[in-house]
Amino acid sequence: MTNLTRRGLVKSGLGLLAACGLTSGVEAQRAKLLRFGLSAWPPNLQPWVSTGASAGTVKMLIHSRLIGYDRAGNLAGELAESFGHEADGAWVFRLVPNAVFHNGEPVTSADVRHTIEQIGGERSTAYMRAQFQSVSRIETPDARTIRIHTKEPVATLPTWFGNYNMPIVWRGSPANEPVGCGAYRLESQERGTSLDLVAFDRYFRAGLPRIERLRLVVYADENLRFAALKSGDMDMIEYVPWQSMSGVESDPRLRLDTQYGPFMDILFNGTKGPFADARIRRAVAHAVKREDIVQAAFFGRGRPLEGVPIVEGTPWWDAELSKGWRYDPAEAKRLLAAAGAPNGFQTVMLGTAQFGMHKDTAEVVQQHLAAIGIQCELRLPDWSTRVRLGTTGQYEIAIHGVSADNNDPDGLTVIMDTSLSPTHGRSFGVQAPRTIDLLARGRAEFDETKRVAIYKDMQRAALEEVPLVGLAWRAQGYGMDRRVTGFTNIPGALSTSSGFMLTETTIA
Amino acid sequence: MAYLVGRIASSVVLAFAVATIVFLALHLVPGDPAELLLSTGGISPDPAAVAELRERLGLDRPLHVQYLGFLTGLLRGDLGRSLVDDYSVAAEIALRLPRTLELIAAGTIIALAVGVPAGTYAAVHAGGAFDRIMSGVMALLMAVPVFVLGTLLILLLAQTLKLMPAGGFVPFWRDPGQHLLLLSLPALVIGKGLVAIVFRMTRASVLDILPRDHVRTARAKGLAEGRVLRAHVVRNAFGPVLTVLGLHMGSLLGGTVLVEYVFNWPGLSTPLIRAVEGRDYPMVVGIVLTVSGLFLLINLVVDLLYAALDPRVRAG
């Protein structure tokens, strides 16, 4: 039943002006519809190519992964009803018996094999390409069992399958029309504007999804996205802007769910200039008062990050190590003097003006470095230029913002392993051999107790070698009408993967 | 005929120059479309995957080869396909351009509906309270940036009073009422500057016409004041208003960028901005070429109209 509202009256008037008696049928279905405000139009929905978290949300709804996460962020089977590591070194996954693709074909081990082979293929552009190229052999002894052997032992292999760029696709799919087995089917889309998803009636998880239709509407402007939630145009939005979080909290009709996952950091060029010296990098790490970044860039909606970005509450987090780069200007000056630069120096700091949080963070860091004698000229081009300059090492010090792949310290490898090929999101050519070695050892260790010890050693090494400098965790928030229930923002780095929770979400 | 051929030829040359400049400028600034696409969200892509995508998109070819390919496509009327999702650039423009033009048309209608009557009334009562108040209001409308007015309207009408949706788009065929509701605020904002221009131009023209002999004669014949105004004043005053309107409609195309962004109206601006940010070369060139073509077309039509009306123009 459509409620009589002021807006309804205005709309009715305009409808009459249009001399058309048609009315939307959408409102009559409100009880079965959730309207979700996306922050960006998915550049494309190719299953294995990373095109951002908004695209990831859509992909997790129309596809299923082998492994997912529970509400606490623990690994949990999705298409796999069980998984484990066997004595011969193989990871073994057992598929649920009742999963079918949207075309009615059953999900089998051959489909998982096909997916892995496509991702790890020579001509692949998949995000997880490098990881799956380390797979040496795949066995499919029956239709529900997959055994995966890797060239080196990998304790964290299940996390690979938990990435939102890892949907399992029907092996007979046409090249540009991947067939998935997710909770929803893509019913229609208004290009650049909205996507309409409808529940897949043969979804394998009993009782899910709990909403018949999802309408995903793109609001690229964060203020408008918030306004759409406040005005009731949307039932739920992602990426609540930090300055608007209090506005959500103060509205009795709305609810805010935040987690600290993504973070800001400083990257260095280790091949030239003053930051090739680890003591200078440590001086930078001790020179910045993080609380100022939290206030200036995130309106207080963040947390200082004074160590390696390990998520608090995980077994690898350590209270003392998490303060390893505490704000200490005197120590920063001592380290500068020890490195032969007691009076500091001049440099250029790379960032981007395209994103406010990058620019604001850069300005705060600039002020604090000036206080110890490091005078930074800010270079803030558009994001495209920032990426290119970062990848090619055309900078000395840079501001970046990122999220780890997951909450396991191995998820930081892509950010901290400076021996990997250069990209804009890692320090360029910084020598951090102990850190890199310990990351590799942690990845290969299956004993959880030993892994904890290894990763604490890794943090100690990183605090000295400084492959990056953590600055601030930033709050990642979903705002929603209180009638929306069943949604949980997954902790830590997994926050950007929380979109899959929409399958368990409902609205009164 | 020679004049017509000459003007069309110069327009084609100009369009070609615009396309070439945009193509080269885009390729000269830093940024790799393949790397940007795979870096969405700030993540670090595998460089091997980036190289593979570059090859797949043809970005590894020398610049002159890419340029020749672009020109060949252009001569066939093919604007190419998006590097991001392989979608036809022409189809994207065909989808988006009508929405932008609709926005401009709606803004223009608002400008005419408000500016002409208000300008006429202000001129007839020149120096009066209405004239002075409206002059102030129009100056304010000219001064307030579109994004400020847009944001204030959203805050007031959507967030606070909940009278209007915050923004967005619904196709007319799906829900005409909602479509017009969503169109109204951006049209109002984009039309606000034009309202002031039309108001001022109408007021000045009417003031110019009012003391003329034919108006005095019409009144002397005993015609009602309303008919004198409609048939003998406003009608004659409308010529200059239309000329100015035509000139400013072109500039409204540029003004839509902010308005479309603020109100989430999916016109041509959104894909243009996204394409520039993502270095989606074919999409940028296609859209810029289309907008430039529209400008050139408007100029050509205006020139031809002038030539038709004034033989001295044709004679050069």
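The values are calculated or read from the model by the stated rules, or taken from the named source; none is laboratory data. Everything numeric in this text was worked out from a predicted model, so none of it was measured. Every residue, glycine as well, gets a Cβ built from its backbone with ideal geometry; the counts of neighbours run over all protein chains shown. Surface areas here come from the heavy atoms of the whole protein model, side chains and all, with no ligands, DNA or RNA. Shrake-Rupley method; radii C 1.70, N 1.55, O 1.52, S 1.80 Å.
Remark: pairs (first residue in the range A:258-274, under 17 Å from A:ALA53 (Cβ atoms); second residue open to solvent by 40 Å² or more (accessible area, probe 1.4 Å); Cβ separation under 8 Å; 6+ apart in sequence or on different chains) = A:THR258/A:ARG301; A:TYR260/A:ARG303; A:TYR260/A:GLU312. Is it fair to say A:LEU229 is of a type in the set (A, V, I, L, M) and farther than 19 Å from A:PHE487 by Cα? No: the conditions fail for A:LEU229. Evaluate the following for A:VAL294: is it among the hydrophobic types (A, V, I, L, M, F, W, C) and either more than 28 Å from A:ALA453 (Cα to Cα) or in contact with an Asp or Glu (Cβ under 9 Å, 6 or more places away or on another chain) (or both)? For A:VAL294, the condition - among the hydrophobic types (A, V, I, L, M, F, W, C) and either more than 28 Å from A:ALA453 (Cα to Cα) or in contact with an Asp or Glu (Cβ under 9 Å, 6 or more places away or on another chain) (or both) - is met.
For the range A:44-77, the tally of residues that are in contact (Cβ under 8 Å) with a residue 60 or more places away in the chain and closer than 22 Å to A:ARG205 by Cα stands at 19.
Listed by first and then second residue, the pairs linking a residue in the range B:87-98 that is within 14 Å of B:ASP280 (Cα to Cα) and of a type in the set (S, T, N, Q) to a residue that is open to solvent by 30 Å² or more (accessible area, probe 1.4 Å) and not in a helix (DSSP H, G or I), with Cβ atoms under 8 Å apart and 6 or more places separating them unless they lie on different chains, are B:SER88/B:LEU79; B:SER88/B:ARG81.
Might you let me know whether the range A:87-98 holds any residue that is over 27 Å from the mean Cα position of the chain (by Cα), surrounded by fewer than 17 Cβ atoms within 10 Å (Cβ to Cβ) and closer than 18 Å to A:SER173 by Cα? No - not one qualifying residue is present in the range A:87-98. Among all positions in the range A:223-240, there is at least one residue which is in contact with a Gly (Cβ under 8 Å, 6 or more places away or on another chain), modelled with pLDDT of 95 or more and open to solvent by 50 Å² or more (accessible area, probe 1.4 Å). For the range A:465-478, the criterion of being out of contact with any Pro (no Cβ under 7 Å at 6 or more places or on another chain), assigned to a helix (DSSP H, G or I) and open to solvent by 10 Å² or more (accessible area, probe 1.4 Å) is satisfied by at least one residue. The condition (being within 14 Å of chain B (Cβ to nearest Cβ), out of contact with any strand residue (DSSP E or B) (no Cβ under 7 Å at 6 or more places or on another chain) and of a type in the set (Asp, Glu)) is satisfied by just one residue among A:ASP437, A:ASP405: A:ASP405.
Can you name the condition, by its number, that B:LEU181 falls short on among (1) touching a residue at least 40 places away in the same chain (Cβ under 8 Å); (2) open to solvent by less than 10 Å² (accessible area, probe 1.4 Å)? Condition (1) is where B:LEU181 drops out. The set of residues in the range B:145-191 being within 18 Å of B:THR108 (Cα to Cα) and outside any helix (DSSP H, G or I) consists of B:PRO145 alone.
Going residue by residue through the range B:250-264, is there one that turns out to be outside any helix (DSSP H, G or I) and touching a Phe, Trp or Tyr at 6+ places or on another chain (Cβ under 9 Å)? So far as the range B:250-264 goes, yes, one or more of its residues are outside any helix (DSSP H, G or I) and touching a Phe, Trp or Tyr at 6+ places or on another chain (Cβ under 9 Å). Counting residues in the range B:2-21 that are under 24 Å from A:PRO43 (Cβ atoms), surrounded by 13 or more Cβ atoms within 10 Å (Cβ to Cβ) and touching a residue at least 12 places away in the same chain (Cβ under 8 Å) gives zero. Pairing residues of the range B:266-290 that are closer than 25 Å to B:GLY167 by Cα and within 11 Å of another protein chain (Cβ to nearest Cβ) with residues that are open to solvent by 10 Å² or more (accessible area, probe 1.4 Å) and among the charged types (D, E, K, R), at Cβ distances under 7 Å and at least 6 apart in sequence or on separate chains, gives B:PRO266/B:ARG99; B:GLY267/B:ARG99; B:GLU277/A:ASP382. Hey, could you check the range A:180-196 for residues that are in contact with a helix residue (DSSP H, G or I) (Cβ under 6 Å, 6 or more places away or on another chain) and in a strand (DSSP E or B) and say which is surrounded by the fewest Cβ atoms within 10 Å (Cβ to Cβ)? Here the residue is A:LEU186. Scanning the range B:146-169 for residues that are free of Cβ contacts under 8 Å to residues at least 24 places away in the same chain and surrounded by fewer than 22 Cβ atoms within 10 Å (Cβ to Cβ) turns up B:VAL148, B:LEU152, B:LEU155, B:LEU156, B:GLN159, B:THR160, B:LEU161, B:LYS162, B:LEU163. When residues in the range B:66-93 are screened for being open to solvent by less than 60 Å² (accessible area, probe 1.4 Å), assigned to a loop (DSSP other than H, G, I, E, B) and within 14 Å of B:PRO271 (Cα to Cα), 4 of them pass. Taking the numbered list (1) assigned to a loop (DSSP other than H, G, I, E, B); (2) within 14 Å of another protein chain (Cβ to nearest Cβ) in turn, A:LYS230 passes all entries but (1).
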